[in-house]
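Engineer: Dropping a structure here in structure tokens format, bear with me for questions.
The values are calculated or read from the model by the stated rules, or taken from the named source; none is laboratory data. Predicted model, so just to flag it, every value in this text is computed and none were measured. Cβ placement follows ideal geometry from the backbone for every residue including glycine, while neighbour counts extend to all protein chains displayed.
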Amino acid sequence: MTDWLEYYRITSNRAPRDTLLQCLKLFKKEGEPNNKSAIDLGFGSGNDTLELLNNNWNVLAVDSEENASKFLLSRISNSHQEKLQIITSGFENVTYPKSSLINASYSLPFCKSENFKDFWSKLIESLVPGGRICGQLFGIEDQWNKENRENTTFLSLEEFNKLFKGLELEFFKEVKEDGKTASGIDKFWHIFHFVAKKRSEEINQI
């Protein structure tokens, strides 16, 4: 069993994910939306949520672990509380409001593979035109795929590209490297990092 509070303590000193920082820079460059509404999927220790709040976004933060909610609330100031809504749930089960930014830092891969396509379409539908989605997905060469890890989605590069039909892929980086998990376990990573912008109301048919 994962000790989530220990995990949050270990990861709480990390900087916000680079994909989120790039996404925020793109919004600032072109002019931020009037409706600065964001969704943070699988917020964990809350580093990305705090970055969004510090940039004056209203955030719907979703995580299945109740300890994540407690840990995040312990980190935010009173002035940010009115801009934050927390839902404790598996993110596949949530009905999402229309939003300008969806942040999915290392959370999307943990959607069950049989549910992933429908869930992705659901996310893109909730994204307003001109909105952005950013985060990571796992490639098929990832070590966890070879270990037949359950409840995890792995994609080929071709499958990844199909997801972004109707979206403008503004940043993409494929990484294959040896590294470690947050708990210090050696692991080979195959990761797709991305930032993408929705061009129209068209929902992806994948």
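Engineer: Give the residue that is modelled with the lowest pLDDT, with candidates limited to residues of the range 54-84 that are closer than 20 Å to L101 by Cβ and loosely packed, with under 14 Cβ neighbours inside 10 Å.
Structural biologist: Top of the filtered list is Q81.
Engineer: So which residues in the range 163-186 are modelled with pLDDT under 95 and either over 26 Å from P16 (Cα atoms) or basic (K, R) (or both), if there are any at all?
Structural biologist: Within the range 163-186, K165, G166, K180 meet the criteria.
Engineer: For the range 95-152, give me the residue count where each residue is more than 13 Å from the chain's Cα centre (by Cα), more than 22 Å from D178 (Cβ to Cβ) and in a loop (DSSP other than H, G, I, E, B).
Structural biologist: Qualifying residue count for the region: 7.
Engineer: Let me ask you something else. Give me the pairs: first residue in the range 13-35 and closer than 15 Å to G131 by Cβ, second residue in a helix (DSSP H, G or I), beta-carbon distance under 6 Å, and six or more apart or on different chains, which are they?
Structural biologist: L20/D48
Engineer: So the check is Cβ under 6 Å with 6+ separation or different chains; which pairs have a first residue in the range 65-90 that's under 20 Å from S37 (Cβ atoms) and free of Cβ contacts under 8 Å to residues at least 40 places away in the same chain and a second one that's in a loop (DSSP other than H, G, I, E, B) and not acidic (D, E)?
Structural biologist: L72/G46; I87/V94
Engineer: Determine if the range 156-165 includes at least one residue that is touching a residue at least 60 places away in the same chain (Cβ under 8 Å) and of a type in the set (S, T, Y).
Structural biologist: Initially, the range 156-165 is screened for residues touching a residue at least 60 places away in the same chain (Cβ under 8 Å), giving none.
For the range 156-165, residues touching a residue at least 60 places away in the same chain (Cβ under 8 Å) and of a type in the set (S, T, Y): absent.
Engineer: Still on this structure, please answer the following. Can you pull out the residues in the range 1-34 that are exposed (fewer than 14 other Cβ atoms within 10 Å of the Cβ) and more than 16 Å from the chain's Cα centre (by Cα)?
Structural biologist: Those that are exposed (fewer than 14 other Cβ atoms within 10 Å of the Cβ) and more than 16 Å from the chain's Cα centre (by Cα): M1, T2, D3, E6, R9, N13, K25, K28, K29, E30, G31, N34.
Engineer: Take the range 144-166 and flag every residue that is in contact with a helix residue (DSSP H, G or I) (Cβ under 7 Å, 6 or more places away or on another chain) and surrounded by 13 or more Cβ atoms within 10 Å (Cβ to Cβ).
Structural biologist: Once the filter is applied, which keeps residues that are in contact with a helix residue (DSSP H, G or I) (Cβ under 7 Å, 6 or more places away or on another chain) and surrounded by 13 or more Cβ atoms within 10 Å (Cβ to Cβ), the range 144-166 yields T152, T153, F154, L163.
Engineer: Here's a check for you: in the range 30-41, which residue that is modelled with pLDDT of 95 or more and not β-branched (V, I, T) is farthest from S107 (Cα to Cα)?
Structural biologist: K36
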